[in-house]
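This report concerns only the one structure given below.
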Amino acid sequence: MPDWKQEIERRLAPMRLSPTRKVSVAEKLAQHLDDHCRELIGGGASAEEARSAALAGLDRDELLRELQQVERESAWEPATPTASNMSLFSGLGGDLRYTSRILRKAPGFSTIAVLTIAIGIAANTAIFSIINSLFLHPPGVTDSDRLMAVRVKYQKLNLKNISISLTDFADVRDSKQVFSSTAAMQPANFNYAAGPLPERIPASLVTWNWFDTFGARPILGRTFTQSEDVPGANHEVVLSYTAWQRLFGKDQAIVGKSMLLNGQSYRVVGVMDRDFNWPSQSEIWVPVGLAAKEYGPDNRFNESYDAVARLAPGVSRQQAEAYAGVLSQRVATNSDDYGRYARSSQWSIFLMPFSELIYGGLRMPLLVLAGSVGCVLLICCANVAGLMLAKSSGRAKELTIRIALGARRRHLVRQIFVESVLIAACGTAVGIGLAVLAVRNATLIAPEGSISSLVAPIDRSVLLFSIAAGMASALLFGLAPALMIAAAKTFEMLKEGGRSAMSSKGRQRVRSALVVGEVGLALVLLVGAGLFLKSLIRTQQLSPGFDSRGVMTGAVSLDAKAYDSPERRQAFFTAVTQNLAAQPGIDAAAAAVGMPFSDMGSASSFAIEGRLLAPGDPGPHSDIAVTTSGYFRALSVPLRAGRYFTGQDRLGAEPVAIIDEILAKQYWPGQDPLGARIKRGKDWTRIVGIVAHVNRSSLAADTGKGLAYYPLEQISNPEANLVVRTSADPVAMAATIRAAVKSADPSNTAVYDLKPMSERVAASLGPRRFAVTMLLAFATMALLLAAIGLYGVISYSVVQRTQEIGVRMALGARLAQVMWLVLSQSLRMVLAGVAIGLAASLVLARLLQSELIQVSAFDPLTFAGMCAVLVAVTLAATYLPARRAAKVDPMLALRHE
Amino acid sequence: MANQPSVSELKKGSAEFLILSLVEARPRHGYEIGKMIETRSSGDLHFNAASLYPLLYRLEQRWWIEGRWVEKANQRKRRYYRITATGRKILREKRSTWQAFVTAVNRVTGVENA
């Protein structure tokens, strides 16, 4: 038999068939030609005649025409499942090719749809990546859900969540059957002298297995060994990536080299990776190097360590929590003093997820933001659904013909979903890119101490989330157009002739419903953002109880070796504050431990002279601040009774204290505390003054806890804040403070944390302000998207109604009447959206009530204002189409048909 | 003459019906199908390879028929087509529609009584 291959391939050449398809077609045709030839030869024809006759039946044009039609059909109408590929996805390749061709042909539509989805996905990916790296997968931590923070509470003292003592730590550390690894940390500062000015380096003193407990590995060198965590042997340091980069320019040979910290040589043993930042402020880690007795029973209620514990394999969180209860019970049932105090103060050790401890405060703001980006994505989907519906009117003819040709409806529906998925996939890809940029910039503008040090990588879970969000969006925005096709009546479509097939009215109704939903969602976001904004503004106006204007602050940390006596420390602080007070432009200067909006300060129990404690009463408790005499004038804290500290309140004189009005009311109700004596430690201290209460940590949440002040001249401390009040620019005082410290101590001491007090106060609202900024951004996004959606629907409707408008104008309708015709249609949709949005906002506001400070969750002004903004913006979006309608030429319009 | 529909036009509309009928009883290969159409219609209906194979492919794509390659010694492999369950259902529908159509046309045109 002749070889037909060449001949057949020549005929198939113009078709772009896949290689397998080509072979299959050629094989079938060759067989056919063989059979035909054989039959002709059997009938008496010569071989050549038979060949020509057989080939004559394979007309090239006919073959191409028929094949092309089949290929086109299979692209439009993917194969129904066959035995060999019985799946929903058969023929998907053809669908994809066809859809991408369609999308390429409408670049305007495709770009807008992809960008709209990209915006929604970007916002969601960004927020989720933050949630992911805060709560789900904190970077640098292995199996973060198995890592617990060990905390202590004193129910009776209203201390609900504080650090633990070394004794508590030892109890947990030795429970190997429950915790596979336990580590403790105490923040510290080192003076590092390398340049002309000493520099303060924030550090952490850690037990040797700190890194192992987190499951973190160094990128250079090693971490600590147990033998390095003992007194005298702890002169090793592990560098953070930041310190390695900043201080040593990423020196690859840094391991083994030494650095001078507080005048002593420390050997660098390792460098941690960029993503390990626990605790986040720490630039270096040094072994705590404590003697074994420090972990003994005497330190039981001396809490100053943060501890983390990793659950042993197979131990659940509930089991570990129950075990912490057992440990607490063991202490409380003792008959010694510790046992009694534990019982009377209702002391106990408890566990909480590590991420919850660090970022628990961000949970609610992030949930609010997550909810709002969810709304933004829904609005984006509604907009794209609207676009697709509008586009489907342009394609109605094509769809009608395809249905008439026998294309199955479910194939067309699948086609719509393929189109949605393709748009969503592109949108997701672009969105992830945008999210990376957004997170990078968001962490830059984020307030210190919240997420500014956050590394929020796009890891596998973030990718999965974004893809899932993208696909869910595809289903959402593909749904409306798909339902329209599924519900369309073929005969009516044919009857409408594709001009306005698939019931343009129905489609317009669905688009209007989508816009109503968008407007509703946008209002919810606007009201939420408005309430939080108002709450923020009101909170910012709250007085912290002192005057923060014109106050500059800094901090110093004295080297323990150089300042080993109270006299030396006091001489330093006296020299610095006197020097500062004598400078021109400075009205008052002071040093203080426990200054408001600083992270120093402590709290403890005390006794009141002449008062016996009832059984089970743990005794009075208060926060403590230790200040020099100029402190109250420097911060303008009002005196309520008695006197401020004076220069006479020094070592050797009678120990004195000042209490705030909360403490006075709490423990001396209806009495005068002036002259009364209190005791912490050995000595009785006389109360000489009562001052106003000051808010110490956040304008948004005052602890309401009483405060006792002691003179720094009587109780010395190696670390303190410096405070100056000036009539000049506070920032300009930074140099003055540095100079004063240098003149009191030319060698060792670095001044750090220099910033105006007003900045500290404002920073306490930083996370809140950041969340409100983000919320406002998302609400604005939602508002604009809803306005665009409305514009689209109204524009389309104006085009649809051109003829009607023309008739009305021909019959004498005035310009204003025509514009009103359009505007009123838009107004109806907006008002329906506002009604839905208001109802939803009221429900949500009730849920958020506890987060709203200084403003009612149902603040009528905010609700009304946001409704007004929404109505104004959305109606403005309708103005253009309305004007276009008013400019319709009646003659042209009548011919519009 | 000009107003009379050509056989080829009528054929196009009924091609699927014809093929389904032929593979209903047993699997057949393409040439056999073409040949049977020609012989059973006494030569009135004829399908070229150029139109027959795309048509078979289309029916396969719709999962009305199922094709399978069969190899025999010293022969090219052949594709045999057999009807699927969907194909049977379609064939039943087409038969009854055709029956109804023919009856209706005959009633109208009086061919039946002639």
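The values are calculated or read from the model by the stated rules, or taken from the named source; none is laboratory data. Since the model is a prediction, treat every value here as computed from it, not as a measurement. Every residue, glycine as well, gets a Cβ built from its backbone with ideal geometry; the counts of neighbours run over all protein chains shown.
Going by what's in this entry, would A:S227 be described as hydroxyl-bearing (S, T, Y) and either surrounded by fewer than 21 Cβ atoms within 10 Å (Cβ to Cβ) or over 24 Å from A:A324 (Cβ atoms) (or both)? Spelling it out, A:S227 is indeed hydroxyl-bearing (S, T, Y) and either surrounded by fewer than 21 Cβ atoms within 10 Å (Cβ to Cβ) or over 24 Å from A:A324 (Cβ atoms) (or both). Restricting B:E71, B:E9, B:E16, B:E93 to those that are in contact with a helix residue (DSSP H, G or I) (Cβ under 8 Å, 6 or more places away or on another chain), more than 9 Å from every other protein chain (Cβ to nearest Cβ) and at pLDDT below 90 reduces the list to B:E16. Among the residues of region A:753-786, those identified as closer than 17 Å to A:L369 by Cβ and small (G, A, S) are A:G766, A:A771, A:A777, A:A779, A:A782.
For region A:140-170, a residue qualifies if it is crowded, with 21+ Cβ neighbours inside 10 Å, among the charged types (D, E, K, R) and over 33 Å from the mean Cα position of the chain (by Cα), and exactly one does: A:D168.
Residues of region A:631-688 that are outside any loop (DSSP other than H, G, I, E, B), among the aromatic types (F, W, Y) and closer than 27 Å to A:L580 by Cβ: A:Y631, A:F632. Please state which one of A:A396, A:A435 is of a type in the set (A, V, I, L, M, F, W, C) and either at pLDDT below 85 or over 36 Å from the mean Cα position of the chain (by Cα) (or both). When all the criteria are applied, what remains is A:A396. Only one entry in A:A13, A:A53 is in contact (Cβ under 8 Å) with a residue 12 or more places away in the chain, among the small types (G, A, S) and more than 9 Å from every other protein chain (Cβ to nearest Cβ), namely A:A53. Checked against (1) modelled with pLDDT of 85 or more; (2) under 30 Å from A:A435 (Cβ atoms); (3) among the hydrophobic types (A, V, I, L, M, F, W, C), A:I8 passes all but condition (2).
Residues in region A:231-241 that are at pLDDT below 90 and among the polar types (S, T, N, Q): 1 in all.
Just to be sure, is A:L67 surrounded by 14 or more Cβ atoms within 10 Å (Cβ to Cβ) and over 60 Å from the mean Cα position of the chain (by Cα)? For A:L67, the condition - surrounded by 14 or more Cβ atoms within 10 Å (Cβ to Cβ) and over 60 Å from the mean Cα position of the chain (by Cα) - is not met. Could you go through region A:845-853 and let me know if any residue there is in contact (Cβ under 8 Å) with a residue 12 or more places away in the chain, under 27 Å from A:V793 (Cβ atoms) and of a type in the set (G, A, S). Scanning region A:845-853 turns up no residue that is in contact (Cβ under 8 Å) with a residue 12 or more places away in the chain, under 27 Å from A:V793 (Cβ atoms) and of a type in the set (G, A, S). Filtered by the rule that a residue be more than 7 Å from chain B (Cβ to nearest Cβ) and surrounded by fewer than 21 Cβ atoms within 10 Å (Cβ to Cβ), region A:28-39 gives A:R38, A:E39. Cβ-Cβ distances below 7 Å connect the following pairs, each with a first residue in region A:450-475 that is modelled with pLDDT under 90, a second residue that is surrounded by 14 or more Cβ atoms within 10 Å (Cβ to Cβ) and basic (K, R), and a separation of six or more residues or different chains: A:V455/A:R274.
Can you spot a residue in region B:92-113 that is crowded, with 20+ Cβ neighbours inside 10 Å and either touching a Cys at 6+ places or on another chain (Cβ under 9 Å) or not in a strand (DSSP E or B) (or both)? No - not one qualifying residue is present in region B:92-113. Screening A:A581 against (1) modelled with pLDDT of 85 or more; (2) closer than 30 Å to A:T780 by Cα leaves a single unmet condition, (2).
Scanning region B:37-54 for residues that are more than 7 Å from chain A (Cβ to nearest Cβ), crowded, with 16+ Cβ neighbours inside 10 Å and not in a loop (DSSP other than H, G, I, E, B) yields B:I37, B:L52.
Note on region A:695-729: among residues that are aliphatic (A, V, I, L, M) and buried (at least 21 other Cβ atoms within 10 Å of the Cβ), the one that is farthest from A:A763 (Cα to Cα) is A:L712. The residue that is nearest to the other protein chains (Cβ to nearest Cβ), among those in region A:18-27 that are touching a helix residue (DSSP H, G or I) at 6+ places or on another chain (Cβ under 7 Å) and not basic (K, R), is A:V25. Inclusion of A:G94 among residues that are within 14 Å of another protein chain (Cβ to nearest Cβ) and modelled with pLDDT under 80 is warranted.
Would you check if B:R58 is over 25 Å from A:R65 (Cβ atoms), crowded, with 18+ Cβ neighbours inside 10 Å and within 7 Å of chain A (Cβ to nearest Cβ)? It is false that B:R58 is over 25 Å from A:R65 (Cβ atoms), crowded, with 18+ Cβ neighbours inside 10 Å and within 7 Å of chain A (Cβ to nearest Cβ).
B:R76 versus (1) out of contact with any Asp or Glu (no Cβ under 7 Å at 6 or more places or on another chain); (2) at pLDDT below 90: which is the lone unmet condition? All conditions pass for B:R76, except number (1). In region A:56-74, of all residues being within 30 Å of A:T99 (Cα to Cα) and of a type in the set (A, V, I, L, M), the one that is farthest from the other protein chains (Cβ to nearest Cβ) corresponds to A:L64. When the strands (runs of 3 or more DSSP E) confined to region A:256-370 are screened for residues that are free of Cβ contacts under 8 Å to residues at least 24 places away in the same chain and loosely packed, with under 15 Cβ neighbours inside 10 Å, those reaching at least 1 such residues are found at A:258-261.
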